[in-house]
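S.K.: One structure coming up, written as structure tokens, with questions to follow.
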Amino acid sequence: MTIKRDEEQSAFYQGKVAMIGEASSLAATVTTNSKFKVVALSVPTMGNKLAYTGSADGFMIPANAANKEAAVEIIKKLTSQEYMQIHADAGFLVSNVNVKYTNPIVTQIGALYKHAITNPPGFTYVDSKIDEYFRNQLLPKLFLKGSDFKEIISDLEALRQEALKKK
């Protein structure tokens, strides 16, 4: 069975569907159009923390960029509180902690992500096996196979030791 996003949202607004999964960027739209209370759920969790192993948008300047100084100024503008506030007002989560959310559901989602477990910067890219474990094995092992934290820590330690031997 296939369903389009607008059909899914329509069924949700009509009360025919009790739960939908949406990116934070659409949460404001969903709550604005709903005639009932909408809440954010922290799914999936790892203990008492949201287990999020994805990533977000990022900005970079290529080493061979012709105008590095101008590129830096553009990135400063794109990451400024003023610019981020525009995005927050539209219902997006942003990385600037000084930005205030106006939509209550986006505020809830933002609070959930304060406790998220994310990939440590650069950690998963040290070795392709570590990256593959984070992307394809960690959450399935934890949630689908019922592995415990000790097993996962053991897996990661073995991968870390293997990566260190390559250096």
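S.K.: Any residue that is out of contact with any Gly (no Cβ under 8 Å at 6 or more places or on another chain), assigned to a helix (DSSP H, G or I), farther than 30 Å from Ile152 by Cα and at pLDDT below 80 - is there at least one of those in the stretch 2-9?
M.R.: yes
S.K.: Name the residue that is modelled with the highest pLDDT, counting only residues in the stretch 90-140 that are more than 18 Å from the chain's Cα centre (by Cα), in a loop (DSSP other than H, G, I, E, B) and charged (D, E, K, R).
M.R.: Looking at the filtered set, the residue picked out is Lys100.
S.K.: Ok, one more. Kindly provide the set of residues from the stretch 138-167 that are surrounded by 15 or more Cβ atoms within 10 Å (Cβ to Cβ) and polar (S, T, N, Q), ordered by number.
M.R.: Ser147
S.K.: Let me spell it out: the conditions are (1) modelled with pLDDT of 80 or more; (2) under 26 Å from Phe134 (Cα atoms), and Ala23 meets all of them except one. Which number is the exception?
M.R.: Going through the list (1) modelled with pLDDT of 80 or more; (2) under 26 Å from Phe134 (Cα atoms), Ala23 breaks only (1).
S.K.: Now, a different point. From the set of residues in the stretch 27-44 that are modelled with pLDDT under 70 and touching a helix residue (DSSP H, G or I) at 6+ places or on another chain (Cβ under 9 Å), which is farthest from Gly91 (Cα to Cα)?
M.R.: Top of the filtered list is Pro44.
S.K.: List pairs: first residue in the stretch 20-39 and over 13 Å from Gln9 (Cα atoms), second residue modelled with pLDDT of 75 or more and in a helix (DSSP H, G or I) anywhere in the structure, Cβ distance under 6 angstrom, at least six positions apart or on different chains.
M.R.: Ser24/Ile109
The values are calculated or read from the model by the stated rules, or taken from the named source; none is laboratory data. Everything numeric here is computed off the predicted structure, so don't read it as measured data. Cβ atoms come from the backbone with ideal geometry, glycine included; neighbour counts cover every protein chain shown.
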